[in-house]
Amino acid sequence: MRFLVVGTLLVTFAAGSNASPSRLPGERETCGSSNATIYANDNRVPAGHVASQTLHLSIVAGAGSWHPDADNRSAIPMQAFGECGRPLQIPGPLIRVPAHTQVVLRVRNTISRPLVLHGLMNRPAKTDREITVGPNAESVIRFRLDSPGTYFYWGSTTGATIRKRVREDSQLSGAIVVDATGNQAPNDRVFVIGRWINVSKPDGTPDNAYELNVINGRTWPYTERLTYAKNSTVHWRWINAGAGNHPLHLHGFYFHVDSRGDGLTDTPYADIWRDVEVTELVTAGKTFAMSFKAARPGNWLFHCHFVYHVIGHVPVSEMLDEHRVPIDPLRYDNTIVRKLGMGGLTLGITVVGKVPTVLPKVGRRVWVTVERAANDLPTAPSYRYVIKGSEVPAGFANANGPPIVLTRGVPTAIDVINRLDEPTQVHWHGMELADSYYDGVEGFSGYEKRLAPMIMPGHTFEARFTPPRAGTFIYHTHMDDVWQLRAGLVGPLIVLEPGTHFDPASDHIILVGTPHAYADRNGLLVNSQAAPAEMIFHSGVQQRLRFINLTTFRPLLSVSLTEDGKPVLWNLLAQDGAQVPKERRIAQRAVQGVSIGQTRDFLFTPDKKGTLQLSIVTGVPGTPVLIIPVHVI
């Protein structure tokens, strides 16, 4: 439903509410905006003031100069919200109240176009409400926030939906947090993701080569650095108010997903249903809350695993030229992104505490060489990992692999030998590192002065860790991620229980990667193969399927196992290497999303001979589906 405002309009959502005064209690006479600096909002201080279970708040929508890198760096003209009498900010003012609070919100639009508002309604809600505030007009809006959770509000002056809002109104967003009544507000942090793209392709669609992704109004390395004491419990709330899909990954720790929401409702989970993982996909317009114990000292990262979202942006001057000639995609991937370095959706975390001074005696040593593969091309590099003394398993060739198989509880040293003509790094994805502080990000990962170095050509670096759990993990480059990941520097890291062995006849690794040649970028690889061989299952024998997505840009990838076009039933065993509780290992339809940086393990026991079909779908319409025949004998 749309409400068109001419002049001043009162919009009331709560039943029985009375007309509001034109000026709220304690508010200044004027509520305007100027083309001043727009400041980054860390979402620490709630806006407005609460009296008699009512939040009174006045905000303004205006235009100003946004500095996503730092206040003294390049500015971008942008629309933003601000609290009346205070500067504009990105994201907008934080609305945070106890449950069962009435909100009386005055909104003034100083933008020269109508402002369409979303998310300013009762919670929980079944549908969104739209309120339009005309240019130089204002509205007073009343609604109740009864249900605890993480929500948000947003606006548009271009008519775009939240999935397509990438222009000058892309940062018109703000968080809404409703705390449970009777409890002190938790010591948590609130993060809002935004995305801006100003340059269009010839067909009018946004040119992603010029995109800018931010967390609370900043892009790495200018995002906030967070510090926690060892063994403290960390609570975060995430809101994706941007147009992209983001698989968010935490280095060094597992986290619990405490709730998920869609802006209208928020669903908290009982302990048994709280997913334990290292990567959570949050799509446009979605929210989630997470918590983890900062058990190990060191510097750690939390970042999007869509690698194009964690590279630096091109110069702001180029991004502001909306008529700029689009960058050739091949040149962008092979040349430009390598100069931009790390950026975008990344947070730095430091856990303070004593680090071990005596490392356990090494029980297993692995030598991993990084080298060029046989099908290497100047504009499409193909690299590979080679494990000394280990044969490449069937299905793995050239890039993507081979598996490193370790044992839980055995202290392990891995020597990475760089035979490339360029630097590289390795991240032990999903490992809870306690012995080694090398986690794959040069100059940041580590502790105090013991920071991870680049592994230079001809050099060797030793990483040490004792795997604390058995499961499916990943090792991969964290250097020039787009270039080196697509080249093939990713492999499965399998940790077994003591006394067990890896049997490829019933234990199947399905590592999905991106082809190294740019012309083949829309395709998929499975264990480095564009046309993987058929799989063999034995009737009556339990099969374990270990799915890994380490593509460069397929966050909506999904897998399915079907018979005669219908999904069979399988049982979820583990997520990101963490086993799910036995009560959750129930039979379910064999269809599963696996986002970038996620691993999913399923158990399936075929009960008769025949043919099945394993399908891998990118999630993008018009792209090919990779189908692998499965013969049950």
Send over the Kirkwood Rh of the stretch 244-390, from the inverse of the averaged 1/r over different Cα pairs, rounded to one decimal Å. 19.7
Given a Förster distance of 22 Å, the FRET efficiency implied by the Cβ-Cβ spacing of residue 323 and residue 65, rounded to the nearest 0.05, works out to 0.55
Report the normalised scattering of the stretch 372-518 as log10 I(q)/I(0) at q = 0.11, 0.14, 0.15, 0.19 Å⁻¹, calculated by the Debye formula with identical scatterers on the alpha carbons. -0.42, -0.68, -0.78, -1.23
Percent antiparallel among DSSP beta bridges with both residues in the chain, to the nearest 5? 70
In terms of the Cα gyration tensor, with a ≥ b ≥ c the square roots of its eigenvalues, is the stretch 438-487 rounded because a/c is under 1.5, prolate because a/b exceeds b/c, or oblate? oblate
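Please work out the Kirkwood hydrodynamic radius for the stretch 537-633, using every pair of different C-alpha atoms, and report it in angstroms with one decimal place.
14.0
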Taking a probe of 1.4 Å, how large is the accessible area per residue of the chain, in Å²? 39
Taking each pair of different alpha-carbon atoms in the stretch 64-114 once, compute 1/r for the pair, average those values, and report the inverse of that mean as the Kirkwood hydrodynamic radius in Å to one decimal. 13.2
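Too long at a 23 Å Cα-Cα cut-off: which of 164/339; 361/582; 126/566; 164/201; 293/354; 582/609?
From the list (164/339; 361/582; 126/566; 164/201; 293/354; 582/609), the Cα-Cα distance tops 23 Å for 164/339; 361/582; 126/566; 582/609.
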Apportionment of accessible area to carbon and sulfur, the chain, percent (1.4 Å): 52
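Which of rounded, prolate or oblate describes the chain when judged by the alpha-carbon gyration tensor and an a/c cut-off of 1.5?
It is prolate, given that a/c is not under 1.5 and a/b is the larger ratio.
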Protection proxy ranking of 66-73, 260-267 - average other beta-carbon atoms within 10 Å, highest first: 260-267, 66-73
Label model pair residue 100, residue 417: point-to-point distance (7 angstrom along the Cα→beta-carbon line) in nm is 6.9
What does the C-alpha gyration tensor say about the overall shape of the stretch 462-514? Classify as rounded when a/c is under 1.5, otherwise prolate if a/b is larger than b/c, or oblate. oblate
Alpha-carbon radius of gyration plus Dmax, which is the widest Cα pair, for the stretch 280-323 in Å: 16.2, 50
Would you mind checking which residues have amide H under 5 Å from residue 551's amide H? H placed 1.01 Å from N; only 5 or more apart, or other chain. 597
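The values are calculated or read from the model by the stated rules, or taken from the named source; none is laboratory data. Treat the numbers as computed from the prediction; the structure is a model and nothing was measured. All Cβ positions, even for glycine, are placed from backbone atoms using ideal geometry, and neighbour counts span all protein chains on display. Surface accessibility is based on the protein's heavy atoms, side chains included, excluding ligands, DNA and RNA. Shrake-Rupley method; radii C 1.70, N 1.55, O 1.52, S 1.80 Å.
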